[in-house]
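Scroll down for the structure; my scribbles are underneath it.
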Amino acid sequence: MVSNFKIFIVEDDPFYRNVLNYHLSLNPETTISCFETGQECLDNLHLKPDAITLDYSLPDISGEVVLNRILAFDNQIPVIIVSGQDDISTAINLLKKGAYDYVIKDDDTKNRIWSIINNIIEKNALKKEVQDLKEQVKSQFDIKTNIISSSKAMHRVITMINKSLNSNITVSITGETGSGKEVVAKSIHYNSNRSKRPFIPVNIAAIPSELIETELFGHEKGAFTGAMARRIGKFEEAKDGTLFLDEIGEMNLGMQAKLLRVLQERELTRVGGNEIIKLKCRVISSTHKNLREEVTAGRFREDLYYRLIGLPILVPPLRERDSDVILLAKHFAFEYAKDNNIKIKISPEAQNKLLHYHWPGNIRELKAVVELACVMTDTEEVNPEHIILNSHNTLESILTSELTMEEYKIAIIGHYLKKYDKDILTVAKKLEIGKSTIYRMLQNNLI
Amino acid sequence: MKTYNITKLSEICMGDEVFISQMIQTFVTQINKDLPIIQSAIDIKNWDTVHKITHKIKPSIDMLDIASAKPLIKEIVEKTRNLSTINTEELTKTFYILKESLQETIREMTIDYCP
């Protein structure tokens, strides 16, 4: 709630002034100042009133002039004109000049002013809330807090993000699934000068190919069966903000041609329409595919590729981000603990287990694994047994553990012994090694 | 039977006697100040001032429901708005009746609220 809502009452008739003052003072949120003349009111504008009720016929300056001067001082102050005249043309004229409302003095005036003031209070509260939320969103996407990293690989990404902030260059983000492409796109948007404008993400892969055109460009009423009303597309919705085309590599060739034309001409027409709409938004695209390869394979238009590439940002996969895994895991555990009002930490052994995994699902997978581990543990500590890694052990995953040759040997023989029920002869045959090697390892308690 | 009625005023302040008394006193002071001004403005045919002041006091007369004065003040406000159609003699007469009526009300108010 807004407390201390300042109202100026400008009224030359002391009787009416007192009535208004008395009535509006009943609202505990308001503070009221009364003025007899227009000049007195103008002299006190520095006190920053939140609303002014202004009598139209004042002894010194006419209401219209006072209104103009108030609005010249600050055009955000709502001015309610209170007048004894029910002259429509005067009312229209004043409303056009920027008066907030026009009220005629009669028995119901006080109630109307009361509800107008309440509307203004409510509107101000909403405005403030929107402002606060915008700030909050912006701070959420502050590069320093939003991108958690200490690795060199990510440092390069952050440098590129910073370079993209002050220009309108098209940005293309590539990276494996779950590596944080959308986070990068949002960081660019919310830290650029477009931050107060809309950020519109469109996942190309999630929209049926026949609907992409109307989704992006909108359509006119009657453009096709079922087009009951005009609909604006994502390009228009983004206005002068940012349009984020996620998974651009999934777009079919026909649509690519249409997109290319729009990006080249910087204008579009809605499906079934003639009106030309100028493009004002910045375009950021992303894909997990290697677009260069897609171009070579003939699945992606070369001209569109060059149009979209702009400033390329390659988001590295999590396995190439060194100790970021731990930083991120701690962050996700902290977030989980905060949401659920508990305390949780990850034991060094568990951290080790996280480090020696190849994370094919990248950060998305890490987040899921950490959250699951937080659920699985019964204490305040996450141990290795709580960390459940779902991915299949590919060759790559084995190699990420970075063991010595001897250790790999032991691991492999151990695995085979388990599989073939400790049948040393079969294992030796399968691995094409001497059975004595296995015996020696067993003797030395290595397996 | 009084010439004025405080029902509307009482509604606004939910029967706050102190406020009603203050408002009546304000009204008395204001009318006592404004009536001579209007009179002298009529004498010198300064219709603009007559219009402004009668226009100013009209809402308070409406609010205090002074039945005899209501149509008269309305007539003066409306007639002085358009300067070309003013009939001095008629207006002077109307104001005279208005003045008498308001003075009667003020006498009553003074007895009721300012003993």
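Points worth noting:
- Among all residues of region A:300-311, there is at least one that is closer than 21 Å to A:S187 by Cβ and part of a strand (DSSP E or B).
- Checklist (1) among the small types (G, A, S); (2) crowded, with 18+ Cβ neighbours inside 10 Å; (3) not in a helix (DSSP H, G or I) applied to A:S187, failing item: (3)
- For region A:227-239, the candidate set comprises residues that are open to solvent by 60 Å² or more (accessible area, probe 1.4 Å) and in a loop (DSSP other than H, G, I, E, B); within that set, the residue that is farthest from A:P201 (Cα to Cα) is A:M228.
- For region A:93-107, the candidate set comprises residues that are open to solvent by 70 Å² or more (accessible area, probe 1.4 Å) and outside any helix (DSSP H, G or I); within that set, the residue that is modelled with the lowest pLDDT is A:D107.
- Selection within region A:251-278 - open to solvent by less than 80 Å² (accessible area, probe 1.4 Å), touching a residue at least 12 places away in the same chain (Cβ under 8 Å) and either closer than 18 Å to A:A206 by Cα or of a type in the set (A, V, I, L, M, F, W, C) (or both): A:M251, A:N252, A:M255, A:Q256, A:A257, A:L259, A:L260, A:V262, A:L263, A:L268, A:V271, A:I277
- Taking residues in region A:125-146 that are more than 17 Å from A:E335 (Cα to Cα), and partners anywhere that are among the basic types (K, R), the pairs with Cβ atoms closer than 7 Å and at least 6 places apart or on different chains are A:K134/A:K196.
- Taking region A:58-92 as the range and being open to solvent by less than 60 Å² (accessible area, probe 1.4 Å), more than 13 Å from every other protein chain (Cβ to nearest Cβ) and assigned to a helix (DSSP H, G or I) as the test, the residues that pass are A:E64, A:V65, A:V66, A:L67, A:I70, A:L71, A:A91.
- Criterion (within 23 Å of A:H356 (Cα to Cα) and open to solvent by less than 40 Å² (accessible area, probe 1.4 Å)) met by exactly one of A:Y416, A:Y408: A:Y408
- Which numbered condition A:D322 misses (of (1) open to solvent by 60 Å² or more (accessible area, probe 1.4 Å); (2) at pLDDT 90 or above): (2)
- Residue within region A:411-429 that is at pLDDT below 85, part of a loop (DSSP other than H, G, I, E, B) and among the aliphatic types (A, V, I, L, M) present: no
- Residues (assigned to a loop (DSSP other than H, G, I, E, B), more than 9 Å from chain A (Cβ to nearest Cβ) and surrounded by 12 or more Cβ atoms within 10 Å (Cβ to Cβ)) located in region B:1-13: B:K2, B:T3, B:Y4, B:N5, B:I6
- Count of region A:13-57 residues which are within 21 Å of A:F73 (Cβ to Cβ), within 14 Å of chain B (Cβ to nearest Cβ) and either open to solvent by 10 Å² or more (accessible area, probe 1.4 Å) or free of Cβ contacts under 8 Å to residues at least 24 places away in the same chain (or both): 4
- The number of residues in region A:138-155 that are outside any loop (DSSP other than H, G, I, E, B) and surrounded by 14 or more Cβ atoms within 10 Å (Cβ to Cβ) comes to 5.
- Residues that are in a helix (DSSP H, G or I), touching a residue at least 24 places away in the same chain (Cβ under 8 Å) and open to solvent by 40 Å² or more (accessible area, probe 1.4 Å), drawn from region A:157-171: A:M160, A:K163
- Test result for B:T54, more than 8 Å from chain A (Cβ to nearest Cβ), in contact with a helix residue (DSSP H, G or I) (Cβ under 9 Å, 6 or more places away or on another chain), within 26 Å of A:Y22 (Cβ to Cβ) and part of a helix (DSSP H, G or I): yes
- Complete set of residues in region B:14-27 that are among the hydrophobic types (A, V, I, L, M, F, W, C), closer than 26 Å to B:I53 by Cβ and within 10 Å of chain A (Cβ to nearest Cβ): B:F19, B:M23, B:I24, B:F27
The values are calculated or read from the model by the stated rules, or taken from the named source; none is laboratory data. None of the values given here were measured: they were computed from a predicted structure. In this analysis, Cβ positions are derived from the backbone assuming ideal geometry, glycine residues included, and neighbour counts consider all displayed protein chains. SASA here: full protein model, heavy atoms, side chains in, ligands and nucleic acids out. Shrake-Rupley method; radii C 1.70, N 1.55, O 1.52, S 1.80 Å.
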